[in-house]
Amino acid sequence: MLIDASDFSPVRPPPHRAIAVTGSVLAGAVSKQQIAVLSSYSRSLTNFRFELLRCLVEAGHSVLAVGPEQDDDVVRQLAAIGVEFVRSPMARTGLNPLTDLATLWSYWRLFRSRQIDVVIPYTMKPIVYGGIAARLAGVKRRYFLVTGLGHVYSDAAGKRWVGRRIKQLSVLLYRLALKGAGGVFAYNRADSADIESYRLISDHRELTLVPGSGVDLDHYAFSSPPSGRPVFLLVARLLKDKGIGEFVEAARLVRQQFPEAEFRLLGQFDPSPAAISAETIDEWVKEGSVTYLGETNDVRPHLSDCSVFVLPSYYREGIPRSILEAMSTGRAIVTTDLPGCDETVIDGHNGYLVEARNVKQMAEAMCRFLRSPSLIPEMGLRSRELAQAKFDVHAVNELLLKRMSLV
């Protein structure tokens, strides 16, 4: 069943009212299941799936969270809500078939040894190799969170011979993994359309459109933008296709007219070939284009201390969690008009949409806030209202668990 994210919300956003999901309500509704949630980055289990994992435990299930890195903070946080962490090898980037076969084998052994009843993978490699391994291991209930199909499904990738071949392989693998799925959840309309047009699933009734992973409106509480020096903040992994280079170029243009503006960059370095090097970041900092804030386990103080949030990504996003967190905090948004990003902004209402890689458009969008500073709190408030109306994590998780028949 295809469900539009707008089905969640009334026309006018109400004051925030969390949808309570408690053990007393959920427990006993279904038999206890052994559930494995598969990730390609261990920290994403606590950053993006923490509330979903908590809901599964509160529903009375036994939950394993599977990731490739052994992260003590992740293990500790998951244990606090009754979730067991299991490490499974995976190369997040790269196409080495031997490494990917090791991931497939590791998943198969886990599912067999732990007698897993339900598998819930998200991101491409867990979906592909977790889905195939689950079929081979005889796991009958398989639900897939397509948080973004990625660059391989973009128009730009399809223009090159290599890109077309990789896409053909990707389509084949997705079909193998998703065959017989109990449910497939797409995070934006473009991915939903591609899932159907490339026939990644055999029955469109398996497909549900959800408004991203949602955001905890209480954890990312509203705060008024600070007065004084205007601050533009970008939070992302330090990858070229997150638009970080374009953000720096736009910052240079803006500072020609508004030298008082500050541009901040927060995020961790990445092993991907598309990563931005520490040397490049140092050069940008030395020239005064950006302030690099390093990485953090808690982005909230940085969101509270910025005026406008910027994500100029040209990666094929699902719905960027970083934008949802900024919206919940009450920040105006500047982002690209590409799938996923474009679902977070009503252009001119709570921010501005710009063409991907268009530095001049991005700079002009930021300059609008500097020419009319009243837009910063006005659009920030509308972002918060939109987050309340469409992206409440409790509403998203309630829908997921109902569709999976786990409550």
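For segment 104-140, enumerate the residues that are among the polar types (S, T, N, Q), at positive phi and open to solvent by 40 Å² or more (accessible area, probe 1.4 Å). Break it down into steps so the answer makes sense when it comes.
The first filter runs over segment 104-140 and keeps only residues among the polar types (S, T, N, Q), leaving 106, 113, 115, 123.
Now restrict to residues that are at positive phi: 115, 123.
Across segment 104-140, the qualifying residue is only Gln115.
Among the residues of segment 86-102, write down those that are within 23 Å of Phe269 (Cβ to Cβ) and part of a helix (DSSP H, G or I).
Across segment 86-102, the qualifying residue is only Thr99.
Tally time: how many residues in segment 181-198 are out of contact with any helix residue (DSSP H, G or I) (no Cβ under 7 Å at 6 or more places or on another chain), surrounded by fewer than 23 Cβ atoms within 10 Å (Cβ to Cβ) and modelled with pLDDT under 95? Break it down into steps so the answer makes sense when it comes.
Going through segment 181-198, the residues out of contact with any helix residue (DSSP H, G or I) (no Cβ under 7 Å at 6 or more places or on another chain) turn out to be 182, 187, 189-193, 195, 197.
Then keep just the ones that are surrounded by fewer than 23 Cβ atoms within 10 Å (Cβ to Cβ); that gives 182, 189-190, 193, 197.
Cutting the leftovers down to modelled with pLDDT under 95 gives us 189-190, 193, 197.
Counting residues in segment 181-198 that are out of contact with any helix residue (DSSP H, G or I) (no Cβ under 7 Å at 6 or more places or on another chain), surrounded by fewer than 23 Cβ atoms within 10 Å (Cβ to Cβ) and modelled with pLDDT under 95 gives 4.
Please return the ranges of helices (runs of 4 or more DSSP H) entirely within segment 180-295 where 3 or more residues are touching a Lys or Arg at 6+ places or on another chain (Cβ under 7 Å). Steps first, please.
Working: elements: 189-197, 244-257, 278-287.
No helices (runs of 4 or more DSSP H) qualify here.
Just to check your reading of the model, which residue among Tyr174, Tyr143 is at pLDDT 75 or above, within 27 Å of Asp342 (Cβ to Cβ), open to solvent by less than 20 Å² (accessible area, probe 1.4 Å) and assigned to a helix (DSSP H, G or I)? Show your work before the answer.
Numbers: Tyr143 fails: assigned to a helix (DSSP H, G or I).
Sole residue among the options that is at pLDDT 75 or above, within 27 Å of Asp342 (Cβ to Cβ), open to solvent by less than 20 Å² (accessible area, probe 1.4 Å) and assigned to a helix (DSSP H, G or I): Tyr174.
Which one is nearest to Leu375 (Cα to Cα) among residues in segment 204-229 that are surrounded by 14 or more Cβ atoms within 10 Å (Cβ to Cβ) and of a type in the set (S, T, N, Q)?
Ser223
Given (1) open to solvent by less than 20 Å² (accessible area, probe 1.4 Å); (2) closer than 15 Å to Pro225 by Cβ; (3) not charged (D, E, K, R), where does Ser304 come up short, assuming only one miss?
(1)
Among the residues of segment 341-351, is any part of a helix (DSSP H, G or I) and of a type in the set (Ser, Thr, Tyr)? I'd like the intermediate steps shown before the answer.
Within segment 341-351, the first condition is being part of a helix (DSSP H, G or I), and the residues that meet it are 341-343.
With of a type in the set (Ser, Thr, Tyr) added as a condition, the list becomes none.
Checking segment 341-351: not a single residue is part of a helix (DSSP H, G or I) and of a type in the set (Ser, Thr, Tyr).
Within segment 234-257, is there a residue that is surrounded by fewer than 17 Cβ atoms within 10 Å (Cβ to Cβ) and at positive phi?
no
Pull up segment 1-39, narrow it to residues that are open to solvent by less than 60 Å² (accessible area, probe 1.4 Å) and modelled with pLDDT of 95 or more, then point me to the one that is nearest to Gly130 (Cα to Cα).
Going through the qualifying residues, I end up with Leu38.
Any idea which of Asp282, Asp305, Asp298 is out of contact with any helix residue (DSSP H, G or I) (no Cβ under 9 Å at 6 or more places or on another chain), under 20 Å from Glu378 (Cβ atoms) and of a type in the set (D, E, K, R)? Steps first, answer last, please.
On the way: Asp282 fails: under 20 Å from Glu378 (Cβ atoms); Asp298 fails: under 20 Å from Glu378 (Cβ atoms).
Checking each option against the conditions leaves just Asp305.
I'd like the full set of residues that are of a type in the set (Val, Ile, Thr) and not in a helix (DSSP H, G or I), limited to segment 103-133.
First, pick out the residues of segment 103-133 that are of a type in the set (Val, Ile, Thr): 103, 116, 118-120, 123, 127-128, 132.
The answer is Ile116, Val118, Val119, Ile120, Thr123.
I'd like the full set of residues that are assigned to a helix (DSSP H, G or I) and under 23 Å from Ala190 (Cα atoms), limited to segment 301-325. Show your work before the answer.
First, pick out the residues of segment 301-325 that are assigned to a helix (DSSP H, G or I): 301-304, 321-325.
Within segment 301-325, Arg321, Ser322, Ile323, Leu324, Glu325 qualify.
The values are calculated or read from the model by the stated rules, or taken from the named source; none is laboratory data. Note that the coordinates shown come from a computational prediction; the quantities given were computed from them, not determined experimentally. Using ideal geometry, Cβ is built from the backbone for each residue, glycine included, and neighbour counts are taken over all protein chains shown. Quick note on the areas: whole protein, heavy atoms, side chains included, nothing else; ligands and nucleic acids left out. Shrake-Rupley method; radii C 1.70, N 1.55, O 1.52, S 1.80 Å.
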